[in-house]
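Here's the structure, in structure tokens; my notes come after.
Every number here is computed from the coordinates shown, using simple stated rules; none is lab data. Worth saying up front: this structure is predicted, and the values here are computed from it rather than measured. Cβ sites come from the backbone with ideal geometry, for glycine too, and all protein chains shown count toward neighbours.
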């Protein structure tokens with residue numbers, strides 16, 4: 001039996017999970033890959049801790065199990081990259097620093113396959129990386145980079161090849177979804193729910209990239225590249241996160257039988273791609289509304305096969321590692337026949353402000369008769385039909401209500417708000433909140 | 001660009017969908033497959049009808065669009081099989097007759113790849129077919145055979161290779177699920193719901209194989225082969241269908257926050273495989289309980305990556321055809337590197353009667369004080385703990401109630417019923433209904 005030699009760089013939550021799986025079910029993996037899978041070396045700054053956590057022998061670690069300085073670790077990495085013996089490198093250091101970027105290029109340039117969970121790197125600095133892999137005829141496995149254990153990448157690349165993807169929507173950040181679920185179920189404000197998430201280990205001490213939509217944006221960028229063959233940047237997506245969602249918003253959502261979720265959304269309309277990451281009001285009839293806690297879910301609407309849901313664990317140690325190990329088997333099986341990413345397509349990335357959604361707009365106003373009528377009239381003047389106006393929450397001198405529109409563009413709504421501001425300065429006590437409604 | 005020449009045998013609902021997709025998105029398919037995909041010939045008894053339904057040119061059909069006799073069709077099929085030009089044959093005639101069985105063997109023996117949705121054939125007579133493909137080094141694509149559009153086969157074969165599948169459960173027959181959903185929502189009896197399903201096109205005039213669990217059994221047999229590498233027969237699965245489900249059963253299910261679903265179930269316990277197809281009470285906390293109508297859903301519990309759900313259309317023309325077309329692309333891409341089925345494993349198929357489930361047992365008795373106590377005592381004597389006893393439906397001289405047990409074996413329950421029968425002949429007015437409860 002031929003041999004596939006692997007090195008793992010970084011033995012934290014994900015890298016350690018990879019080492020654990022490869023060690024525990026090595027025979028099965030080798031049978032499936034039809035090559036003996038050999039884990040040759042792990043580079044990790046603190047091997048003792050990792051060895052204990054993942055039940056690994058110390059002699060797997062470069063340096064024999066001793067703690068490494070950054071320089072020592074780097075020397076071991078250089079050895080691995082220049083070694084003719086290693087066939088495939090698992091990069092589980094993470095982040096999009098120059099160090100990791102150059103490391104990945106060096107791995108590919110040394111004609112080794114690369115498997116990684118690094119969504120930030122591939123989404124923001126992926127172009128040269130994919131081009132280098134192409135030039136060197138090596139493969140990049142990145143199933144773990146999008147929604148952890150959910151096999152969405154291989155599903156798009158290998159199972160939906162007989163179809164055309166019309167739209168993708170999904171809950172792709174477990175931390176945000178956990179926080180929103182807590183707010184919904186416990187009637188909490190954002191800060192309280194965030195604190196709870198941090199205490200329960202569902203949010204990191206610095207949760208910025210999770211709650212501001214950045215992490216979800218990375219995943220959507222990769223899915224758009226796979227599904228539509230076009231490159232978009234984070235700026236293109238006009239990402240917004242969940243930091244400003246309030247208990248009130250959730251209350252208004254309930255009133256229209258919807259739940260607020262941080263949604264990644266991409267849709268192809270007449271060759272144009274519209275995409276965004278933002279909180280949306282997902283109607284209870286849409287299964288995504290029921291995805292609670294740290295679970296991830298992706299909804300794909302295909303031209304020929306209709307609607308599909310994939311649901312699973314979006315994060316975790318062996319959960320994410322499973323996707324990496326499956327990529328190793330896939331690359332071992334199919335090697336040079338795999339196409340890393342589809343050919344680039346000539347498609348327009350369109351302005352999401354021109355995309356037609358039904359919206360919910362929430363207004364904070366003074367408690368003055370005539371306000372609702374004035375605002376509703378201003379909305380109607382922009383050719384927007386109104387679906388419902390919520391029960392008005394009057395409180396002292398203030399009032400608050402929401403308007404659910406029929407499908408219209410964000411540009412139309414912004415025009416209406418501009419007119420309200422110019423004709424009645426002072427009527428709006430704060431910036432109206434505008435969220436798409438997802439059926 | 002190299003060429004892949006395809007023939008389709010049978011241009012009904014599924015075969016016609018395949019021809020339609022290949023015709024409509026031929027360019028995309030060829031780019032993805034990296035070979036020009038050419039649909040050379042279709043054999044169909046009534047081409048005119050098929051050509052109109054699927055918008056196909058008549059000259060694609062053998063015989064130039066004229067109706068064919070069985071003999072003529074068979075001659076064209078022989079031509080295709082002996083043609084050196086055809087690389088891959090799509091078999092969409094269906095059924096497990098000797099004719100189709102021998103046809104598939106002939107296709108493989110002529111060194112052509114075979115793509116099919118034929119679950120009955122592969123589940124009941126698959127062994128020689130897979131062995132022939134192995135001997136002739138050709139591939140069998142059968143994604144369409146299990147749950148139509150849901151890419152469950154490729155997910156198990158290519159995306160979960162880094163894991164161990166602990167259990168599979170799923171709703172794999174849309175007709176049964178549609179009927180059960182109608183019974184649940186409309187408070188209908190089975191016969192009424194079946195009639196509705198037939199009127200709406202969700203059930204065929206002869207719905208036997210759908211409602212008796214046979215069709216779902218075929219799918220489970222194929223999934224067990226893929227997930228665990230063992231061959232089981234329909235008899236092994238002790239299949240039961242939904243024909244005997246009543247409005248009362250659904251009422252008792254509601255009482256314990258569950259819905260009755262026809263469930264395909266397979267679980268590995270210490271190397272043994274337990275599997276069955278039968279109506280189960282799916283707790284509302286399990287997402288499968290929410291899968292309504294003709295939708296299919298598969299739940300996979302993996303050792304390393306936890307619980308996954310795949311949800312999608314289990315039937316339909318282009319829905320099922322999409323899986324066939326994706327198989328064509330997959331075979332064109334990876335050809336001889338694909339392993340049709342995993343290597344055979346040495347695993348026991350265990351007696352499902354010894355498998356531990358919580359159960360709901362429904363008793364019809366006389367309306368006589370002491371009955372509940374006697375029955376509950378008899379159950380307790382078999383070391384079965386009782387979770388709840390339902391509200392008793394007294395009606396004249398009759399009474400009816402259900403007992404939800406803690407996890408126990410079917411063998412234990414059968415023993416308890418035997419004892420009740422022997423100690424109190426006449427206490428049970430009918431055979432108690434026993435259904436597993438799925439959390």
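A few notes on this one:
- The distance linking the stretch B:112-177 with the stretch B:291-326 is 12 Å (Cα centroid to Cα centroid, whole angstrom).
- Pseudo-label separations to other copies for residue A:55 - Cα-to-Cβ vector, 7 Å, nm: 5.7
- FRET E, pair residue A:58, residue A:3, Förster distance 30 Å, beta-carbon r, rounded to 0.05: 0.85
- Taking a point 7 Å out from the Cα of residue A:353 in the direction of its Cβ, the residues of the stretch A:218-248 whose backbone N falls within less than 17 Å of it are A:235-240.
- Secondary structure note: in chain A, about 70% of the DSSP beta bridges are antiparallel.
- For residue B:343, the point set 7 Å out from Cα toward Cβ sits 3.9 nm from its twins in the other copies, listed from shortest up.
- Rounded FRET efficiency, nearest 0.05, which uses the C-beta distance separating residue B:419 from residue B:346 and R0 of 35 Å: 0.40
- 10 Å Cβ neighbours from other chains, averaged over peptide A:322-330: 5
- The packing ranking of peptides B:268-277, B:14-23, A:390-399, highest mean first, is B:14-23, B:268-277, A:390-399, where packing means the average number of other beta carbon atoms within 10 angstrom of each residue.
- Cα gyration tensor, the stretch B:303-353 - rounded (a/c under 1.5), prolate or oblate: oblate
- Peptides B:233-239, B:101-107, A:323-329 ranked from most to least packed, by the mean per-residue count of other Cβ atoms within 10 Å: A:323-329, B:101-107, B:233-239.
- Rel. contact order, % - alpha carbon contacts under 8 angstrom, at least six apart, the stretch A:3-54: 53
- Label 7 Å beyond Cα on the Cβ vector: residue A:191 copy-to-copy distances, nm: 6.6
- Cα-based helix-to-principal-axis angle, A:174-186 vs chain A, degrees rounded to 10: 40
- Take each residue in A:310-317, count the other chain C-beta atoms within 10 Å of its C-beta, and the mean is 4.
- At full extension, residue B:98 and residue B:393 could sit 101.1 nm farther apart than now, given 0.36 nm per residue minus the alpha carbon distance.
- Alpha-carbon centroids, the stretch A:360-439 and the stretch A:228-276: separation in whole Å: 20
- Ordered by the number of other Cβ atoms lying within 10 Å of each residue's own Cβ, fewest first, A:111, A:414 fall into the sequence A:111, A:414.
- Extension gain (nm, one decimal) between residue A:24 and residue A:74, 0.36 nm per residue minus Cα-Cα: 15.2 nm
- Acute angle (nearest 10 degrees) that the helix B:317-334 long axis makes with the longest principal axis of chain B, alpha-carbon atoms: 60
- Bridge orientation summary for the protein assembly as shown: considering DSSP beta bridges with both residues in this region, about 70 percent are antiparallel.
- Structure-based [θ]222 nm, the protein assembly as shown - -39500 (n - 2.57) summed over DSSP H runs of at least 4, per residue, nearest 500: -11500 deg cm²/dmol
- Tensor-based shape of the stretch A:88-186 (alpha-carbon gyration tensor, a/c under 1.5 rounded, otherwise prolate or oblate): oblate
- Prolate/oblate/rounded call for the protein assembly as shown, Cα gyration tensor, a/c under 1.5 rounded: rounded
- Taking the C-alpha atoms only, the angle from helix B:410-423 to the longest principal axis of chain B is near 40 degrees.
- Among A:423-429, A:121-127, sorting by the average number of other beta carbon atoms lying within 10 angstrom of each residue, highest first, gives A:121-127, A:423-429.
- Cα-projected label distance for residue A:254 with residue A:128, points at 7 Å along beta-carbon direction, nm: 5.2
- Taken along the Cα-to-beta-carbon direction at a fixed 7 Å, the label points for residue A:83 and residue A:49 span 2.4 nm.
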